[in-house]
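A quick write-up on the structure given underneath.
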Amino acid sequence: MDRLPGFRDFYPEPLPHSDVWSADARQYIFDKWRAVARRYGFREYDGPPLEPLELYTLKSGDEIVGQLYNFTDKGQREIALRPEMTPTLARMVAAHERNYKKPIKWFAIPQLFRYERHQKGRLREHFQFNADIIGENDLAADAELIALLIDTLRSFGLTSKDFVIRLSSRNAWQDFFNQRCPDTARAYEFYQIIDKLEREQPTASSEKLAKLGFSLDEINSFINAGTPTPELESILQNLAARGLKDFVKVDYHVIRGLAYYTGVVFEAFDQQGEFRAIAGGGRYDNLIKLISGGKVDLPALGFGFGDVVLLELLRARDLLPKFDAAIDVFVLIEDETLRPPSLKLIHDLRDAGCAVDYSLTPAKPDKQFKRAQEIKAAHTAKLERNPSGELTVKIRNLQTRAEQTVTPAQAVLQFSRK
């Protein structure tokens, strides 16, 4: 039986073939995401994978339903698998924002689901690092969030030669639109055209723009000028003060297609242009008010950073480490009369924080030693009795072949990670 199209199986390394994904690489990415977020003072949250369908149609309209995994449950509720995390965050914050000091700095690593055509860099499910700041209007929050994204990418060994943050502003585009088109109801249609400029043929974009009274030439002229607005200039100066100016540039191609963005927006791209956007986000100051029915009005901003494109990028740059079993000690049991004290040694080593393995059933010494090598154990340990009848442990370093004999207590102390 095969897995569903657009979904992934995650296996421990070494992988059986190229059509499956590495559970070790996934955990490596999760650990990096968490470590950098916590260094920035962000706290982890989570929500349910199933939400009321209305949570998404309220924000994006009924047209989003075609992109969702949605159904009527046994309680006759219209629900959907979450396609993104921001609406869940807005709902959670609206419910209990009084319990938290502002600004709220939270992150999550949800699995998200979209029913769409799967392609390179885009599947029907993925894991995503979401980081958001709630309750702060100052542009320092925008700079802080972008710095978090930059440092997260840097934590994987990526440099300014590998990626760039393209910085833009919905406010700048709003002003551009308002000065030329009196029909404000068509602003979102205009944003959608700008969002697809780099993915559509110029003739198609030109025809769509002409219907709104714009020419492709004037759009390109505005983009190519790349003049930072005062808000973007403030963020650029903030990032430069941190030593991060080489990682960011103004690029008005970026507008972010989602309707709820209200101010500064940004996307991370690989410098060689081989992949889809690595991450993206911006301000969404009206979403919490919308989700709460006007009861809670808090400014907010955030980004989403998926694992699929990131994994492809790290593989292409040869930046994924080798994932071994990381077994500290393989305990050899060559004398079955010593199995009970060997089990005690194994448990004591594990209790001391060591990764320990052994043969569950009696096996020949050479077979046990081969197993230790197969799982790349760092050491073997074998209980023996000395001439006076006392138990000793012979420890062997499998890399240097050095051996030593110690007491069981000394062995535990030697390998202790506590």
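Quick notes on this structure:
- Among the residues of this structure, P230 counts as one that is out of contact with any Asp or Glu (no Cβ under 9 Å at 6 or more places or on another chain) and at pLDDT 90 or above.
- 2 or more residues more than 21 Å from A140 (Cα to Cα): qualifying strands (runs of 3 or more DSSP E) within the range 239-305: 264-270
- Residue within the range 314-327 that is surrounded by 23 or more Cβ atoms within 10 Å (Cβ to Cβ) and within 20 Å of the chain's Cα centre (by Cα) present: no
- Residue count, the range 54-92 (criterion: farther than 21 Å from D132 by Cβ and of a type in the set (S, T, Y)): 3
- Among the residues making up the range 44-100, those that are within 18 Å of the chain's Cα centre (by Cα) and not charged (D, E, K, R) are Y45, G47, P48, P49, P83, M85, T86, P87, T88, L89.
- Looking only at residues of the range 253-284 that are open to solvent by less than 40 Å² (accessible area, probe 1.4 Å) and acidic (D, E), we find that the one that is farthest from P87 (Cα to Cα) is D270.
- Single unsatisfied condition, Y100 versus (1) open to solvent by 80 Å² or more (accessible area, probe 1.4 Å); (2) hydroxyl-bearing (S, T, Y); (3) out of contact with any helix residue (DSSP H, G or I) (no Cβ under 9 Å at 6 or more places or on another chain): (3)
- I79 being surrounded by 13 or more Cβ atoms within 10 Å (Cβ to Cβ) and part of a strand (DSSP E or B): yes
- Qualifying residue in the range 353-372 (condition: among the charged types (D, E, K, R), in contact with a Gly (Cβ under 7 Å, 6 or more places away or on another chain) and open to solvent by 20 Å² or more (accessible area, probe 1.4 Å)): no
- Screening P5 with (1) within 30 Å of K101 (Cβ to Cβ); (2) at pLDDT below 95; (3) not hydroxyl-bearing (S, T, Y) gives one miss only, at (1).
- A140 vs. criteria under 23 Å from G304 (Cα atoms) and touching a helix residue (DSSP H, G or I) at 6+ places or on another chain (Cβ under 7 Å): yes
- Filter result (under 22 Å from P12 (Cβ atoms) and open to solvent by 90 Å² or more (accessible area, probe 1.4 Å)) within the range 374-392: E374, K376
- Scanning the range 172-214 for residues that are among the aromatic types (F, W, Y) and open to solvent by 90 Å² or more (accessible area, probe 1.4 Å) turns up just one, Y188.
- Checking each residue in the range 216-226 for being surrounded by 12 or more Cβ atoms within 10 Å (Cβ to Cβ) and among the small types (G, A, S) picks out only G226.
- Search result, residues across the range 249-303 that are more than 21 Å from S160 (Cβ to Cβ) and hydrophobic (A, V, I, L, M, F, W, C): I255, L258, A259, L287, I288, L290, I291, V296, L298, A300, L301
- From the options L301, L290, residue that is more than 17 Å from G121 (Cβ to Cβ), touching a Lys or Arg at 6+ places or on another chain (Cβ under 8 Å) and open to solvent by 20 Å² or more (accessible area, probe 1.4 Å): L290
- The residues listed here are E125, E136, E116; of these, the one that is open to solvent by less than 10 Å² (accessible area, probe 1.4 Å) and among the acidic types (D, E) is E125.
- Matching entry among V65, V36 (being modelled with pLDDT under 95 and either closer than 28 Å to I278 by Cβ or surrounded by 12 or more Cβ atoms within 10 Å (Cβ to Cβ) (or both)): V65
- Among (1) in a loop (DSSP other than H, G, I, E, B); (2) open to solvent by less than 20 Å² (accessible area, probe 1.4 Å); (3) more than 29 Å from D151 (Cβ to Cβ) - the single one E84 does not satisfy: (3)
- Which numbered condition R166 fails, given (1) under 21 Å from L216 (Cβ atoms); (2) assigned to a helix (DSSP H, G or I); (3) at pLDDT 85 or above; (4) open to solvent by less than 70 Å² (accessible area, probe 1.4 Å): (2)
The values are calculated or read from the model by the stated rules, or taken from the named source; none is laboratory data. Because the structure is predicted, anything quoted here is derived from the model rather than measured. Positions of Cβ are generated from backbone atoms using ideal geometry, with glycine treated the same way; all protein chains shown enter the neighbour counts. SASA here: full protein model, heavy atoms, side chains in, ligands and nucleic acids out. Shrake-Rupley method; radii C 1.70, N 1.55, O 1.52, S 1.80 Å.
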